[in-house]
Structures are given as structure tokens and as C-alpha cells.
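Structure first, then comments.
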Amino acid sequence: MFTNRRRFVSGLSAIAFADLLTGASKNPHFTPKAKRVIQIFCPGGASHIDTFDYKPELEKRSGQPMPGGDKDVTFQGANGNLMRSPWDFKPAGQSGKPITAKLPYLAKHVDDMAFIHSMSSRSNTHGPACVAMNTGFVFEGFPSAGAWLSFALGSENENLPAYVAIPDIRGIPPSGPANWTSGFLPAEHQGVAFNAADPIRNLDRPPGITANTDSATRDFAQFLNTEHAARHAGDTDLQARIASYSLAARMQLSAPEVSNLNAESKATLDLYGANSSNPLVAAYAKNCLLARRLVERGVRYVQLYCASRASGVDGLLNWDAHKTLKADYERHLPILDQPTAGLISDLASRGLLKDTLVLWTTEFGRMPTHQEGTLGRDHNPDAYTVWMLGAGVKKAASWGVTDDFGRRVAENPTTVYDFWATVLYLLGLDHEKLTWYHNGLNRRLTDVHGHVIKSLLA
């Protein structure tokens, strides 16, 4: 009896482990609108008042002291006077939504976007704020949104990861892999990081090993691993380690194909700007194209970075325009514009927007004043803009309002918890039920907060 029971339990463990190895798709809590996500992240604190949050009063009173501004304690020093955006805002689409004239390609998609203009951050420092936007916590070590989605829904393709992070060619973002970590979730759910310029390493078969030998070796290794894991059913670290090696073996066949951008037509490459004479536009465009190829093949969550870490020169590698906002953003905005718009157009033309959710995010906004002694803006964690479009999202929608200068939220204050509660809802997940027991608590992406923003739902 004991032996039969042990065999039965061992068999159940083997079945569960087989599911782990294949990254099997799982069921949501309720019928989803979206099946997958592309999250575009602009590290450095992209300025809302120079991109998507038009403030006529800021233009009118540019050069004057900001009312109450003398009492503000900011990140990098004292504030100067109010400073209008260096570029005009123009009405876009049938909705007439004003956005900066420096984003002419994205302006064509404004009618599909749902803007949140009332976001705020719990940190005014890049690293913690980036981590907070991606994990819900300012401290490192918590699972990112992509890891939660991998855990909750699995992958639609057993030969590719459920979660991929695509760093910018200029480098990784502030806090690096903490932005795509699995935290305390099983390690299999962390993001696999690679981009179009730096594909996954060590996937080629060694010389002298035939495909048949390689396949037979993998099958035998999986048999041994399944038996071993069944005897250690409670060891999730062991299971995750074996699963990661098994996935790596399967990716030998799938990853080179998904990374082969030469398979795309010239028209598609031109749509994204992949052949641009600007090497940074071309590099980000290829990463956007890689993102589409990944979700097209069943990857659940793709995190796509446009810019990287801070550098010795503020605003050189990311959106942190402390000193020379005009020059910095005239470099960054064109990199973002055509490739991102091309990605949206391509997803739409292939029918992928019907069940793909596209998010545009950053970690905080910028001040409406110029930083004293400069022509740049300091950090503003009290107000910033994000947007979403695609599956289940209301078109031409806006939620929340900032004050006349974009300094603080005036209506419908929104937190990162509300943002992720809404994203999870669109994916058929109740943010209060998606939990993992850790250190005595049922942890979740939204901590103990969060409300679905129903005004943004179609």
C-alpha cells in the first residue's frame, strides 16, 4: 500500500514537473480581453509635459516663478522659473488630443490610446522608481509584472520563454535585472534578457555533435531529471533549475528563428525604421520588430526598453534631462517615435492587437520649472503620464488630470497598483487573487492596494 501510494504521489509530481518543463499555458480567473503584453519602458523619467500632457498655462506663464515653488524640495537642487516645452503641441487624430510635435508617427495612433495623466511614484530616485514601476515595490527582490504573468498564465510556446526582457543597445536600465526578476517566485519566471543586436548566447550545437545525438541526449536528460525531481517534489529551486536547462535546450531550435530579422520584408523593415541612417533608431527599431516576432510566437510578456542607465552626462543615454532638455529629447524622441509607431501598426495589420496589450511606461515625470542654472528639468515623482492600447482598452480615452503646470495630480490620483490591477484585469486575472505565500504573507503584485480603472476599459 505504501509503495503504491508513493508511486502515485511520485507520478503526480512527474506530471506537474512535465508541465513545468513545457511551460504549459494556464487558465486565467475569468475570460480575458488580452492574452499577452508588450511593455515599452523609457528609463530616466520621460517628461510628461514635453510629450503627452499639454499645459497651455505653462506656455503662457513660462519664465515666471511657479506659485509655491519656493517651498519645493527637489532631487538635484533648487528650481528656477516655469519653462514651457521647447516644442509646440499639436492636436492629433480625430480626437484632437494634443501631443508634442516631435512625435509625428505616434500622433497617428493617438485615437487608439488610453492615457493615464495622474500617475505618481513613491520614489524620486531612478533605480527604486524603475523597480517600483515594474514590481510595485521600491525595494529590490520582488517579482516583476512579467514574472507574475509567467507564473499565472505560463507560455503559449513550449520552446520560448514566457517572459523576455529586451534591453536597449545603449545598456541596461537603472537597477538592471531587478526590473525583470522573478523575486521570490520560482526562478523559471524571471525574464530572459536579449535583444536584436545581442542574441541569446551559447545556443549553437558544439562541433561534432549531430542533431540526432543532441536530441537523444536531451530526451535522456529529461527522463533522468523528471525522475530526480519526482523524488524531491518540494524543491522548487531544483525544479526551476532543471526547467531552465530544458527550456534552453529547446530554444536551440526556436531562438535563432525568432531572432532572424532578415526573414522580414523590406517594407516591414522600413515601417519600423530598421534601415534608418541613425544607428540608435535602427537598433531600437530592430528590438521593436523582435518584440512583435516574440509575441507572434506565443511569448506571454515582452518588456522593451527605449534608453538605458544613467551616465556621467545627464540625459545622454536615457530620458534624465537635467541640464539640456531640448538637445537631449531631440535625440531621444525620434528614437522612440517611428519604431514604436511601426510596432503598433504592424501588430494591428496582423490582427495581433485584438489580444495584445501595449503599455508605455516610465518611472516618474519632470518638473515644470527649469533646474536652477540649467535648461533642463528635475525629477517629479508627484505626476507623470503612461498610456496603454490594444486588447480591451477604450480608444481615445484619458484618465486623471494634473494641475495647470503639470506639477501635481489634480484629479483621479493613480498609483502603480491601480495600473497593474487594470493590466491584470485585462488579462483575466483578479489582482487580489494572484498571490504567492512568502515570509508569512500572501504577496501580490499590487501589495495591499490597487483598483481597476474601469473608465479605461472598452
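At-a-glance table
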{"item": "Near pairs, Cβ below 6 angstrom, 6+ apart or cross-chain, from the range 143-161 (part of a loop (DSSP other than H, G, I, E, B)) to any residue that is among the polar types (S, T, N, Q) and surrounded by fewer than 23 Cβ atoms within 10 Å (Cβ to Cβ)", "result": "143/182; 154/25; 156/25; 158/22; 159/254; 160/254"}
{"item": "Within the range 440-452, tally of residues that are touching a residue at least 60 places away in the same chain (Cβ under 8 Å) and surrounded by fewer than 20 Cβ atoms within 10 Å (Cβ to Cβ)", "result": "1"}
{"item": "Residues of the range 162-176 classified as in a loop (DSSP other than H, G, I, E, B) and either touching a Cys at 6+ places or on another chain (Cβ under 9 Å) or at positive phi (or both), total", "result": "3"}
{"item": "When residues of the range 301-317 are limited to those that are hydroxyl-bearing (Ser, Thr, Tyr) and either farther than 28 Å from residue 147 by Cα or out of contact with any Asp or Glu (no Cβ under 6 Å at 6 or more places or on another chain) (or both), the one surrounded by the fewest Cβ atoms within 10 Å (Cβ to Cβ)", "result": "311"}
{"item": "Scope the range 260-279; condition assigned to a helix (DSSP H, G or I) and surrounded by 19 or more Cβ atoms within 10 Å (Cβ to Cβ); matching residues", "result": "269, 271, 272"}
{"item": "Pair list, Cβ under 6 Å, 6 or more apart: the range 193-205 residue surrounded by 15 or more Cβ atoms within 10 Å (Cβ to Cβ) and part of a loop (DSSP other than H, G, I, E, B), other residue modelled with pLDDT of 65 or more and not aliphatic (A, V, I, L, M)", "result": "195/167; 195/287; 196/286; 196/287; 200/194"}
{"item": "Of all residues making up the range 318-356, the number that are under 18 Å from residue 378 (Cβ atoms) and either crowded, with 19+ Cβ neighbours inside 10 Å or without any contact (Cβ under 8 Å) to a residue 24 or more places away in the chain (or both)", "result": "10"}
{"item": "Residues that are in contact with an Asp or Glu (Cβ under 6 Å, 6 or more places away or on another chain) and assigned to a strand (DSSP E or B), drawn from the range 373-401", "result": "385, 389, 401"}
{"item": "Residues within the range 387-396 that are touching a Ser or Thr at 6+ places or on another chain (Cβ under 7 Å) and surrounded by fewer than 24 Cβ atoms within 10 Å (Cβ to Cβ), tallied", "result": "2"}
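This table checks each residue for (1) among the aromatic types (Phe, Trp, Tyr); (2) within 24 Å of residue 108 (Cα to Cα); (3) out of contact with any Phe, Trp or Tyr (no Cβ under 6 Å at 6 or more places or on another chain).
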position	(1), (2), (3)
273	no, yes, yes
286	no, yes, yes
299	no, no, yes
312	no, no, yes
326	no, yes, yes
343	no, yes, yes
354	no, yes, yes
364	yes, no, no
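The values are calculated or read from the model by the stated rules, or taken from the named source; none is laboratory data. Here the structure is a predicted model, which means the values were calculated and not measured. Note: ideal-geometry Cβ built from the backbone for every residue, glycine included; neighbour counts use all protein chains shown.
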